[in-house]
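Quick notes on the structure that follows.
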Amino acid sequence: DVAELLSLPLAQTVKSLVLATDELNEHGEIAKSTVWLLLLRGDHDLNEVKASKVEGLKGGFRFATLAEIEDHFGCKPGYLGPVGLKKPVKVVADRTVAVMSDFVCGANEVDFHLTGVNWGRDLPEPDAVADLRNVVEGDPSPDGQGVLAIQRGIEVGHVFL
């Protein structure tokens, strides 16, 4: 919607996903939660398996609650972004986002987005950079000999040993 409104390609936008990790006390109750902001290009989707390999998320994570999001960002989902955070969060950018410039992201205010955002000028570098996204058709192949093509597969059976 934002990309269309601004007549920009979706690849020039950054979407924010908010996760949380919990530390439990000896009774199994949540003693402390840490909020994480994962940044992906607007045309990419999160790969939760890859996210679970990020240091600090390896022990498990969950998507943050609406109350946690509003507490840390001061607004509801749909307008979240990494600039001007209300409370500290751990920011992890996908590799594709870490090299972006002049991107569009949420302004942490309902009905507002920021344009022309740049790392180092408008916001600090992320706490971590990681491969967080699902592959898409046209990505370089792992062996470097071409590009990926997405094909539909059919499961024929199981082998049980």
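Throughout, read-outs are computed from the coordinates displayed, never taken from laboratory work. If you're wondering where the values come from, they're calculated on a predicted model, not measured in any experiment. Because the Cβ atoms are built from the backbone with ideal geometry, glycine has one as well, and the counts that use them run over all protein chains shown.
Screening Leu17, Leu24, Leu5 for residues that are closer than 20 Å to Asp131 by Cβ and not aromatic (Phe, Trp, Tyr) leaves exactly one candidate, Leu17. One residue stands out among those in segment 57-90 that are touching a residue at least 40 places away in the same chain (Cβ under 8 Å) and over 23 Å from Asp111 (Cα atoms): the one that is surrounded by the fewest Cβ atoms within 10 Å (Cβ to Cβ), which is Arg62. Residues of segment 91-108 that are assigned to a loop (DSSP other than H, G, I, E, B) and more than 22 Å from Ser7 (Cβ to Cβ): Val99, Asn108.
Does segment 32-40 contain at least one residue that is surrounded by 15 or more Cβ atoms within 10 Å (Cβ to Cβ) and more than 22 Å from Leu114 (Cβ to Cβ)? Yes; the residues of segment 32-40 include at least one that is surrounded by 15 or more Cβ atoms within 10 Å (Cβ to Cβ) and more than 22 Å from Leu114 (Cβ to Cβ). Mind counting the residues in segment 89-103 that are of a type outside the set (S, T, N, Q) and more than 26 Å from Phe61 (Cβ to Cβ)? Total meeting the criteria: 1. Assess whether Asn108 counts as being in contact with a Ser or Thr (Cβ under 7 Å, 6 or more places away or on another chain), under 19 Å from Thr13 (Cβ atoms) and surrounded by 11 or more Cβ atoms within 10 Å (Cβ to Cβ). Here the answer is no, as Asn108 does not meet what is asked. Going by the structure shown, is Val135 on the phi < 0 side of the Ramachandran plot and not in a loop (DSSP other than H, G, I, E, B)? It is false that Val135 is on the phi < 0 side of the Ramachandran plot and not in a loop (DSSP other than H, G, I, E, B). In the condition set (1) surrounded by fewer than 17 Cβ atoms within 10 Å (Cβ to Cβ); (2) in contact with a helix residue (DSSP H, G or I) (Cβ under 8 Å, 6 or more places away or on another chain), Ser52 is compliant with all but (2). Within segment 22-44, being touching a Lys or Arg at 6+ places or on another chain (Cβ under 8 Å) and either among the acidic types (Asp, Glu) or in a strand (DSSP E or B) (or both) holds for Asp22, Glu23, Thr34, Val35, Trp36, Leu37, Leu39, Leu40, Arg41.
Take Val117 and decide whether it is aliphatic (A, V, I, L, M) and either loosely packed, with under 12 Cβ neighbours inside 10 Å or closer than 16 Å to Leu8 by Cβ (or both). Taking the combined requirement at face value, the residue satisfies it.
Residues in segment 91-107 that are free of Cβ contacts under 8 Å to residues at least 24 places away in the same chain and not β-branched (Val, Ile, Thr): 1 in all. Val14 meets the conditions (1) out of contact with any Ser or Thr (no Cβ under 6 Å at 6 or more places or on another chain); (2) part of a loop (DSSP other than H, G, I, E, B); (3) in contact (Cβ under 8 Å) with a residue 60 or more places away in the chain in every case but one. The failed one is (2).
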